[in-house]
Amino acid sequence: MTDLSDVFFLAISLVLSGNNDLLEIVALSLRVSLTAVGCAVLVGMPLGAAVGLGRFPGKNIIVLFFNAMMGIPPVVVGLFVYMMVSKSGPLGWLDILYTPTAMITAQFILITPIIASLTRQVIEDLHQHHAQQFRSLCVPRHVAILELLREGRTSLLTTAMAGLGRAMAEVGAVIIVGGNINHLTRVMTTAIALETSKGDLALALALGIVLLAMSLIINSAVMGLRNRAPSVIGTVS
Amino acid sequence: MKDVCLDVEGKRLIDRVSLTLFPETISLFMGPSGAGKSLLLRLLHGLLSPSRGSITWAGRVLDDRMRKRQAMVFQNPVMLNRSVLANLTFVLRLVDNNHPHVAMELLERVALRQHARQPAMELSGGERQRLAIAKALAVQPEVLFLDEAMSHLDPPSVTLIEELILQQQRQGIKVIMVSHDLGQIQRLADEIFFVHQGQLVEHAVAQTFFANPQSFPAQLFLQSQSWSKTFYQE
Ligand SMILES: Nc1ncnc2c1ncn2[C@@H]1O[C@H](COP(=O)(O)OP(=O)(O)OP(=O)(O)O)[C@@H](O)[C@H]1O
Ligand SMILES: [Mg+2]
């Protein structure tokens with residue numbers, strides 16, 4: 001018992017003292033995941049909106065594909081990216097295996113479907129809700145799209161946060177393509193995995209605490225946004 | 001509107017309806033719930049295309065340019081998730097008439113001025129309907145569709161909005177509306193279209209219709225309504 005409480009206090013002091021190793025790992029985690037989310041938003045949201053508003057053959061298949069991709073295990077994405085960028089892979093010449101770029105790529109693949117899928121849902125619901133009124137008013141198409149994105153702003157931000165949460169928390173993909181190299185590709189989740197297996201519970205726990213705190217922050221931000229957002233459907237019953 | 005049918009998923013929702021509307025009058029569609037009144041309004045306004053038959057306005061098929069001169073208040077008004085005023089200016093911007101005083105004046109006319117800054121999503125049912133009416137007036141339409149646009153209003157608001165509608169009509173605007181309120185129908189309607197199970201079963205001048213309904217569904221409808229009225233008054 002004393003052992004565990006020692007570990008706990010050591011972890012707390014690591015967090016509070018702003019230990020260099022710890023800060024470096026947290027910073028890389030944030031850099032990788034935020035970049036991945038940024039790219040995923042840039043690609044996923046327009047894609048989701050386009051699919052949501054479009055009517056074309058095969059739309060259902062795309063929707064199904066995105067929905068299926070939402071639940072894909074990170075290790076599978078890791079494996080896929082590994083095979084692509086490893087020396088013998090088709091993208092081996094890029095020489096990005098075991099770099100943050102590879103990690104960003106893996107997380108990007110992991111969360112783009114989530115963002116595209118949720119965006120499609122949001123935009124489609126909003127469109128269904130407003131379509132008649134917009135048609136009646138002859139709202140030009142580009143205005144309609146902008147207005148719908150504006151209407152869905154809270155939900156869309158929530159979507160991005162959900163993506164960030166998943167990216168920060170996953171370990172399977174980044175450990176495969178990043179390799180958990182100290183000072184280079186070591187992020188919070190991979191460090192926790194390593195330090196735990198090495199027996200350095202204090203650092204692992206310290207990172208765990210930081211990760212938990214971030215997860216709490218992200219989730220309470222999401223919850224705060226949800227509570228502020230009135231329901232999409234606001235009609236006279 | 002000539003010989004119009006509307007089929008959805010193999011079901012005939014509107015069945016061979018032909019009718020002609022004349023300017024500067026208030027035409028009123030009535031009939032039991034689910035009869036197809038809202039569908040007829042949406043067909044006329046070009047939000048639905050008929051499966052068969054044709055709809056023309058002054059001899060021409062409705063296009064965007066003509067629809068811009070029409071406005072519709074929906075049975076379930078849709079609001080944008082922003083302030084009452086912003087909902088109105090959204091419409092005013094579309095018709096290039098976005099001056100602050102215009103918006104406030106419109107809100108004044110539907111007695112919503114004090115609510116200008118309030119989020120539209122917070123409005124009560126009756127307030128929503130009044131905002132929807134203000135949005136329709138903002139278009140300065142030549143044809144105004146009102147689909148049970150006053151169903152949630154309290155008596156003073158009903159009087160206010162009815163007065164607004166009559167004023168529109170006096171200015172030469174064509175009003176096409178649906179209502180279930182017999183008192184209101186008798187106050188406003190010039191002519192009645194009685195719809196039953198997707199068919200137009202009766203068309204008459206309002207007074208004639210109430211004095212002497214010809215079709216059996218209309219007779220039944222009016223009887224049950226007057227019966228329930230006596231029932232509730234006793
Ligand atoms: N998109 C649709 N698909 C299938 N059926 C529909 C659709 N829209 C309307 N209907 C059906 O068409 C019928 C007429 O609908 P409509 O909304 O015109 O009724 P209404 O006369 O306006 O009734 P209420 O007085 O209750 O508003 C209803 O039975 C409804 O279920
Ligand atoms: Mg209706």
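In this structure, B:V73 does satisfy being touching a Leu at 6+ places or on another chain (Cβ under 7 Å), over 19 Å from B:L6 (Cα atoms), within 14 Å of chain A (Cβ to nearest Cβ) and within 16 Å of ligand 1 (Cβ to nearest atom).
B:N81 meets each of the listed conditions (1) crowded, with 20+ Cβ neighbours inside 10 Å; (2) at the interface with another protein chain (Cβ under 10 Å from one of its Cβ atoms); (3) under 20 Å from the mean Cα position of the chain (by Cα) apart from (3). The single condition from (1) over 30 Å from B:P119 (Cα atoms); (2) within 16 Å of ligand 2 (Cβ to nearest atom); (3) assigned to a loop (DSSP other than H, G, I, E, B); (4) within 15 Å of the chain's Cα centre (by Cα) that B:G34 fails is (4).
Could we say that B:S18 is over 14 Å from the mean Cα position of the chain (by Cα), more than 16 Å from ligand 2 (Cβ to nearest atom) and touching a residue at least 40 places away in the same chain (Cβ under 8 Å) here? Considered against the rule, which asks whether it is over 14 Å from the mean Cα position of the chain (by Cα), more than 16 Å from ligand 2 (Cβ to nearest atom) and touching a residue at least 40 places away in the same chain (Cβ under 8 Å), B:S18 comes out as yes.
Conditions (1) of a type in the set (S, T, N, Q); (2) part of a helix (DSSP H, G or I); (3) within 16 Å of ligand 1 (Cβ to nearest atom); (4) open to solvent by less than 10 Å² (accessible area, probe 1.4 Å), marked per residue:
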{"position": "B:P23", "(1), (2), (3), (4)": "no, no, no, no"}
{"position": "B:F29", "(1), (2), (3), (4)": "no, no, yes, yes"}
{"position": "B:L39", "(1), (2), (3), (4)": "no, yes, yes, no"}
{"position": "B:L43", "(1), (2), (3), (4)": "no, yes, yes, yes"}
{"position": "B:L47", "(1), (2), (3), (4)": "no, no, yes, no"}
{"position": "B:L92", "(1), (2), (3), (4)": "no, yes, no, yes"}
{"position": "B:M104", "(1), (2), (3), (4)": "no, yes, no, no"}
{"position": "B:A111", "(1), (2), (3), (4)": "no, no, no, no"}
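Filtering segment A:58-95 to residues that are of a type in the set (A, V, I, L, M, F, W, C) and part of a loop (DSSP other than H, G, I, E, B) leaves A:I72, A:L91. Is it the case, given these coordinates, that B:L62 is over 14 Å from the mean Cα position of the chain (by Cα), within 14 Å of another protein chain (Cβ to nearest Cβ) and either within 15 Å of ligand 2 (Cβ to nearest atom) or of a type outside the set (D, E) (or both)? Against the criterion (over 14 Å from the mean Cα position of the chain (by Cα), within 14 Å of another protein chain (Cβ to nearest Cβ) and either within 15 Å of ligand 2 (Cβ to nearest atom) or of a type outside the set (D, E) (or both)), B:L62 qualifies.
Table: residues versus (1) more than 16 Å from ligand 2 (Cβ to nearest atom); (2) open to solvent by 60 Å² or more (accessible area, probe 1.4 Å); (3) of a type in the set (S, T, Y); (4) assigned to a helix (DSSP H, G or I).
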| residue | (1), (2), (3), (4) |
| --- | --- |
| B:N76 | no, yes, no, no |
| B:H101 | yes, yes, no, yes |
| B:E108 | yes, yes, no, yes |
| B:M121 | yes, no, no, yes |
| B:Q129 | no, no, no, yes |
| B:F145 | no, no, no, no |
| B:M150 | no, no, no, no |
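Please verify whether A:F66 is over 21 Å from A:G163 (Cβ atoms), of a type in the set (F, W, Y) and either crowded, with 19+ Cβ neighbours inside 10 Å or over 25 Å from the mean Cα position of the chain (by Cα) (or both), treating the condition exactly as stated.
No: the conditions fail for A:F66.
Evaluated against (1) open to solvent by 20 Å² or more (accessible area, probe 1.4 Å); (2) modelled with pLDDT of 95 or more; (3) aliphatic (A, V, I, L, M), B:I176 falls short on exactly one condition, (1). Within segment A:92-117, residues that are of a type in the set (F, W, Y) have Cβ atoms under 9 Å from residues that are open to solvent by less than 10 Å² (accessible area, probe 1.4 Å) and in a loop (DSSP other than H, G, I, E, B) in these pairs: A:Y98/A:T185, counting only partners at least 6 apart in sequence or on another chain. Residues that are outside any loop (DSSP other than H, G, I, E, B), more than 13 Å from ligand 1 (Cβ to nearest atom) and of a type in the set (S, T, Y) are absent from segment B:212-219 altogether. Among the residues making up segment A:78-96, those that are open to solvent by less than 40 Å² (accessible area, probe 1.4 Å) and out of contact with any Gly (no Cβ under 8 Å at 6 or more places or on another chain) are A:V81, A:G89, A:G92, A:I96.
Please find, among A:T159, A:T190, A:T154, the residue that is closer than 30 Å to B:N76 by Cβ, within 19 Å of the chain's Cα centre (by Cα), in a helix (DSSP H, G or I) and more than 14 Å from chain B (Cβ to nearest Cβ).
Testing whether each residue is closer than 30 Å to B:N76 by Cβ, within 19 Å of the chain's Cα centre (by Cα), in a helix (DSSP H, G or I) and more than 14 Å from chain B (Cβ to nearest Cβ) leaves just A:T159.
The values are calculated or read from the model by the stated rules, or taken from the named source; none is laboratory data. Since the model is a prediction, treat every value here as computed from it, not as a measurement. Please note: Cβ atoms are built from the backbone with ideal geometry, for glycine as well, and neighbour counts cover all protein chains shown. We work out accessible area using only protein heavy atoms, side chains counted, and drop any ligands, DNA or RNA first. Shrake-Rupley method; radii C 1.70, N 1.55, O 1.52, S 1.80 Å.
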